[in-house]
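Participant: Just passing along the structure, written as C-alpha cells.
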Amino acid sequence: KAGVTQTPRYLIKTRGQQVTLSCSPISGHRSVSWYQQTPGQGLQFLFEYFSETQRNKGNFPGRFSGRQFSNSRSEMNVSTLELGDSALYLCASSLELRQGPSYEQYFGPGTRLTVT
Amino acid sequence: TQLLEQSPQFLSIQEGENLTVYCNSSSVFSSLQWYRQEPGEGPVLLVTVVTGGEVKKLKRLTFQFGDARKDSSLHITAAQPGDTGLYLCAGEREGSSNTGKLIFGQGTTLQVKP
C-alpha cells in the first residue's frame, strides 16, 4: 500500500507570494492533518480535516488555510508569505479520527518551503 | 512552555552504548507515540503505548509508559549508527476531542558514531 505522498518536495518562494501544497493520504484514510516543523518550534499542529470538514485548527494566523476533497486528498495554502514561514510542512493521514484507544498518524516526507 | 518535555535534546554516543530518552508532562495522556525522523523525511511511527505501566519492545528499543500516563521513556540497547536520527514523542491529551491533534515534544537528536 502506498504511503502518504506530498508535492512538491521542495519549493522556493519570495515574500508576499502565496503557495499551495498538496497531500495524498494512504488509500482508505479519511483524516488528514497538517504540521509545520521548524528547528526552533519543533512540530506544530496546523489543522485537521475529516470528510472534507475542518475539525480542529492550531494557533496559526488566517494566512494559513486548507481544504480536503471528496477523495480525501488535501491542500494547504499560505498567502502573503513571510520569511518566518520557511519550514518543513508535513501531512499525516489516519484511518479514522480514532483507532481503538489510541490515535496514530502516518506522515508523508514533507514539503520543504523556503521563503526569500 | 512545552506540554511534552523531551530530554536530552542532543545525544552523541559511540556504537554499542546504551541510552535512554525521556518524555515528561504534567498532563495525563490517553496514548503516547514515539516517532523517528531522518533528515529530509517525515516522522515514522515506532510504537504506541496506551496503558499506564505498559512496556513494549521493538528489537533493541524498549518503550515504557508511566503508571500515571504522564511520562514515557525510550531505551536503546547497544546503539548502532543506523539508530541515528530525531526521536519524537507525541501524545493525545486525555479528554481531548477526536480531532486529530497530536502534541509533540521538541525531539531528541541522536548521533551514534561508529
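Participant: Given R₀ = 35 Å, FRET efficiency for A:THR5-B:ARG93 by Cβ-Cβ distance, to 0.05?
Facilitator: E between A:THR5 and B:ARG93, to the nearest 0.05, is 0.75.
Participant: Something else now. Could you count how many Lys pairs in chain B have their Cα atoms under 22 Å apart, skipping same-chain pairs fewer than 8 positions apart?
Facilitator: Numbers: B:LYS56/B:LYS70; B:LYS57/B:LYS70; B:LYS59/B:LYS113; B:LYS70/B:LYS101.
Within chain B, the lysine pair count is 4.
Participant: When all C-alpha to C-alpha distances in the protein assembly as shown are sorted into bins of 10 Å, what percent of pairs does each bin hold, rounded to whole numbers?
Facilitator: Answer for the protein assembly as shown: a P(r) of 8, 33, 35, 20, 4, 0 percent.
Participant: Going 7 Å from the Cα of B:ARG60 in the Cα-to-Cβ direction, what parts of segment B:11-49 have a backbone nitrogen less than 11 Å from that spot?
Facilitator: Counting backbone N atoms under 11 Å from the label point, the list is B:14-19.
Participant: Whole number please: convex hull volume per residue of the Cα set in segment A:22-116, in Å³?
Facilitator: Dividing the Cα hull volume of segment A:22-116 by its residues yields 98 Å³.
Participant: In whole angstrom, and with the biggest value first, how far do the Cα coordinates of segment B:20-98 range along each principal axis?
Facilitator: 38, 26, 18
Participant: Could I ask something else about it? Determine which residues of segment A:38-64 fall in the zone a paramagnetic label at B:LEU3 would reach in this model, i.e. backbone nitrogen under 14 Å from the point 7 Å along Cα→Cβ.
Facilitator: A:43-48, A:56-60
Participant: Which net charge results for the neighbourhood of B:ARG36, defined as the other residues with beta-carbon distances under 15 angstrom from its beta-carbon, given Lys and Arg at +1 and Asp and Glu at -1?
Facilitator: So the environment of B:ARG36 carries a net charge of -1.
Participant: Right, something else. Among B:GLY66, B:GLY52, B:ILE103, which residue has its Cα positioned farthest towards the positive end of the charge dipole of chain B, with +1 placed on the Cβ of Lys and Arg, -1 on the Cβ of Asp and Glu, and the dipole taken about the Cα centre?
Facilitator: Toward the positive end, the furthest listed residue is B:GLY52.
Participant: Oh, and also: Once label points are set 7 Å from the Cα along Cα→Cβ at both B:THR20 and B:THR109, what is their separation, rounded to one decimal in nm?
Facilitator: For the pair B:THR20/B:THR109, the computed spacing is 2.5 nm.
Participant: May I ask which residue of A:GLN105, A:LEU88, A:LEU46 lies farthest towards the positive end of the charge dipole of chain A, with charges of +1 (Lys, Arg) and -1 (Asp, Glu) on Cβ and the Cα centre as origin?
Facilitator: Looking along the dipole axis, the top candidate is A:LEU88.
Participant: Here's a follow-up. Using a 1.4 Å probe on protein heavy atoms only, how many Å² of accessible area do A and B hide from each other, summed over both chains and rounded to 100?
Facilitator: 1900 Å²
Participant: From a point 7 Å beyond the Cα of B:LEU45 in the direction of its Cβ, which residues of segment B:69-92 have a backbone N at a distance under 17 Å?
Facilitator: B:88-92
The values are calculated or read from the model by the stated rules, or taken from the named source; none is laboratory data. Given the structure is predicted, the values throughout are model-derived calculations rather than measurements. Note that each Cβ is placed from the backbone with ideal geometry, even for glycine, and that neighbours are counted across all protein chains shown. The protein model used for the area step is the full one, side chains on, heavy atoms only, and it has no ligands, DNA or RNA in it. Shrake-Rupley method; radii C 1.70, N 1.55, O 1.52, S 1.80 Å.
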